[in-house]
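> Sharing a structure with you now.
Read-outs: derived from the displayed coordinates by stated rules, not from any lab. This is a predicted model, so every value here is computed, not measured. Here the Cβ positions follow ideal geometry from the backbone for every residue, glycine too, while neighbour counts run over all protein chains shown.
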Amino acid sequence: MQSTHNTHHAPIRWGVLSVANIAVKRVIPAILASKSEKLVAVASRNIARAREVFAHLPELRLYGEYESLLLDPEIDAVYIPLPNSLHAEWTIRALEAGKHVLCEKPLAATAEQGMTVVEAAQASGKLLMEAFMYRFHPQTVWALEQAQAGRIGNIKLVRSSFSFNILLPPRPHDIRLQAALAGGSLMDVGCYPINFCRAVYDHAPSTVAARVSAPGVSEIIGDQGTITIPVPFVPGDADTEVVLSIEGQIIHQRITHVDQYRLEVEHFGTCIRTGAQPALSLTETIDNLRTIEAIYQSAGHPWPLV
Ligand SMILES: NC(=O)c1ccc[n+]([C@@H]2O[C@H](COP(=O)([O-])OP(=O)(O)OC[C@H]3O[C@@H](n4cnc5c(N)ncnc54)[C@H](OP(=O)(O)O)[C@@H]3O)[C@@H](O)[C@H]2O)c1
C-alpha cells in the first residue's frame, strides 16, 4: 500500500544507497541536522560495515541490498552517492519504485544515458535533481544574481577550475581512478566548472576546447567588470567572500559560513512538499553531460568507454 505520509508539513523521509564517503561525511549529517528532513534508512552491500558506521543511530533501518530500501514504503526520497557508472541504473530503479531522487553528479556516464534517466523521471512523476551542492551556497547564488542583473555588463569570459591531488595519499582503489566506474577528473571535478559556466550563460556551449590547469578560482568577466569567487565549490566551514570589481570599485561581499549540503537537501525536500521544480534543472544536467562528452572528444579521448 502506498504511504499517505507526504503532507506539506511532514519531514521528507530519506533513504541513502551505500555507505559512501560523501554520504557519511556530508549529506547524512546534513539530513540529520535538518528539521524538515529525516533519515530513515541506509542500504549497503556490506551491512556489517553499515552497522559499525551507524552504531550511533540505533533507530536507523539498515538494508543489505539497495533494492530492499527501494521497496520500503516509508521512504519518500532516495539519495544516490554510488560510483558514477551506477547513477543511471539506480536512479531509474528508485524512480520506478516511486521515490524522488537526489543523485550525485554526474547524473549518468553519458548524455544519452542521462536522457533515459530524465525520461524515467518524467514518466514517474517524481522529482529528480543532480546533487551540485555548491549551487545552494549563498556565495554562488549571489554571484550569479550579480552577473544576471548585468552588474558587470555583458559577460565576455568565465574562468573556473576545481582540482585536488588524488594521488596524495595514494589510493589506487578510489572510484575516481576506475575507468570502468566512469571515474576520471573531468567526471569527478571538471563537471563543476562546466556546470558553473552553463549557469552564468544560461545555455550550453556551442563549441569546446580543453586544456588542463589549476588552481580553483571562479571568475566571471564582463565588459564592465568582474566577479571572482575565490573558493567556489567547497568553501568548507569558513566564512567566504565574492569579489565584485566594477568601474574602479571593489566590493567584498562577505558570506557567512553555511552547510551547502543541508541547503541542498532542504531545497529538494521543499520541492517535494510543494511540488515546485528544483532550482537546478534537468536541462542543465543534460547540457553538462553533453559538454563533458564534447570535451573528451575535443581531447581525442574515447567516450563513452563502453
Ligand atoms: N557533491 C559532493 O560534494 C561530492 C563529493 C564527493 C563525491 N561525490 C560524488 O559522490 C559519489 C560517491 O563518491 P565517494 O567518494 O563518496 O565514493 P565512495 O566513498 O567510494 O563510495 C561509493 C560507494 O558505492 C558503493 N558501491 C557500489 N558498487 C560499487 C563498486 N562497484 N565499487 C565501489 N563502490 C561501490 C559502496 O557502498 P556500499 O559498499 O556501502 O554499498 C561505496 O562505499 C560519486 O558520484 C562522486 O562523484 C560528490
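> ³J(HN,Hα) across segment 39-52 via Karplus (A = 6.51, B = -1.76, C = 1.60, θ = phi - 60°), whole Hz, x for Gly/Pro?
8, 9, 8, 10, 10, 9, 5, 10, 5, 5, 5, 4, 4, 5
> How much of the DSSP beta bridge set in the chain is antiparallel, as a percent to the nearest 5?
So the antiparallel bridges in the chain amount to around 50 percent.
> Would you work out the relative contact order for the chain, in percent, from Cα pairs under 8 angstrom that are 6 or more residues apart?
Relative contact order for the chain comes out at 19 percent.
> Counting GluC sites (Glu not before Pro) as exposed when in a DSSP loop with at most 15 other beta carbons within 10 Å, what is the longest stretch of the chain free of them?
Longest gap between qualifying sites, sites excluded: 75-246.
> Taking the Cα centre of segment 214-306 as origin, sum charge times position over the Cβ atoms of Lys and Arg (+1) and Asp and Glu (-1), and report the length of that vector in debye to the nearest 20.
So the magnitude is around 240 debye.
> With θ taken as phi - 60° and the coefficients 6.51, -1.76 and 1.60, list the Karplus ³J(HN,Hα) couplings across segment 139-145 in order, rounded to whole Hz; mark glycine and proline as x.
Per-residue couplings from phi come out as 5, 5, 4, 5, 4, 5, 4 Hz.
> Which of the listed residues, Gln224, Ser44, Ser245, is farthest toward the dipole's positive end in the chain, when Lys, Arg count +1 and Asp, Glu count -1 at the beta-carbon?
Ser44
> Additional query: At 7 Å along Cα-to-Cβ for each site, give me the label-to-label distance between Gln122 and His301 in nm.
That separation, rounded to one decimal, is 3.0 nm.
> Still on this structure, I have one more. For segment 8-47, what is the relative contact order in percent, using Cα pairs closer than 8 Å and at least 6 residues apart in sequence?
About 56 percent, as a whole number.
> To the nearest 500 deg cm²/dmol, what mean residue ellipticity at 222 nm is calculated for the chain from DSSP H runs of n ≥ 4 alone, each contributing -39,500 (n - 2.57), summed and divided by the residues?
Result for the chain: -9500 deg cm²/dmol, rounded to the nearest 500.
> With N denoting the number of residues in segment 120-197, provide Rg(C-alpha) divided by 2.2 N^0.38 Å, to two decimal places.
Taking the Cα Rg and dividing by 2.2 N^0.38 Å, one obtains 1.47.
> If amide H atoms are built 1.01 Å from N in the plane of the peptide, which residues on other chains or at least 5 residues away come under 5 Å of the amide H of Leu39?
Amide H to amide H, under 5 Å and 5 or more residues apart or across chains, Leu39 pairs with Trp14.
> Also: What lysines does Lys38 reach when the alpha-carbon gap must be under 29 Å and sequence neighbours fewer than 8 apart in one chain are set aside?
Lys25, Lys99, Lys105, Lys126
> At what distance in nm do the modelled label points of Phe164 and Glu67 sit from each other, each positioned 7 Å from its Cα along Cα→Cβ?
So the label points at Phe164 and Glu67 sit 3.4 nm apart.
> Counting pairs of Cα atoms in the chain, how many percent are more than 24 Å apart?
Everything past 24 Å amounts to 54 percent.
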